[in-house]
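To start, the structure itself, in structure tokens.
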Amino acid sequence: MPSADEVKSRIEAGIPGATAEVQTPDEVHFDVTVRASAFEGLTRVKQHRLVMDIFSGELGGAIHALALKTEVPT
């Protein structure tokens, strides 16, 4: 099972310039906020897809749930 730090590191490595805040009560349910200039001009669905693609094949398994909030830095 991935830790909150591992989830954070993978997001920040997968989306250049991104910063992620990750919280988890049990290391299978994650609350994630990601800020990235790469989200500029993208719909919320496309922003979320960029993050979710990093965990392709793991959602519903090692990562049971990923509550995601994305933001463009101001």
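The values are calculated or read from the model by the stated rules, or taken from the named source; none is laboratory data. Small disclaimer: the values here were computed from a predicted structure and weren't measured. We place every Cβ from the backbone using ideal geometry, glycine too, and count neighbours over all the protein chains shown.
Could you list, in sequence order, the residues of segment 3-40 that are surrounded by fewer than 14 Cβ atoms within 10 Å (Cβ to Cβ) and either small (Gly, Ala, Ser) or under 16 Å from Lys69 (Cα atoms) (or both)?
Correct list: Ser3, Ala13, Gly17, Glu21, Gln23, His29, Ser37, Glu40.
Filter segment 1-18 for residues that are out of contact with any helix residue (DSSP H, G or I) (no Cβ under 7 Å at 6 or more places or on another chain) and either at pLDDT 95 or above or acidic (Asp, Glu) (or both) and give the result.
Ala4, Asp5, Glu6, Val7, Lys8, Ser9, Glu12, Ala13
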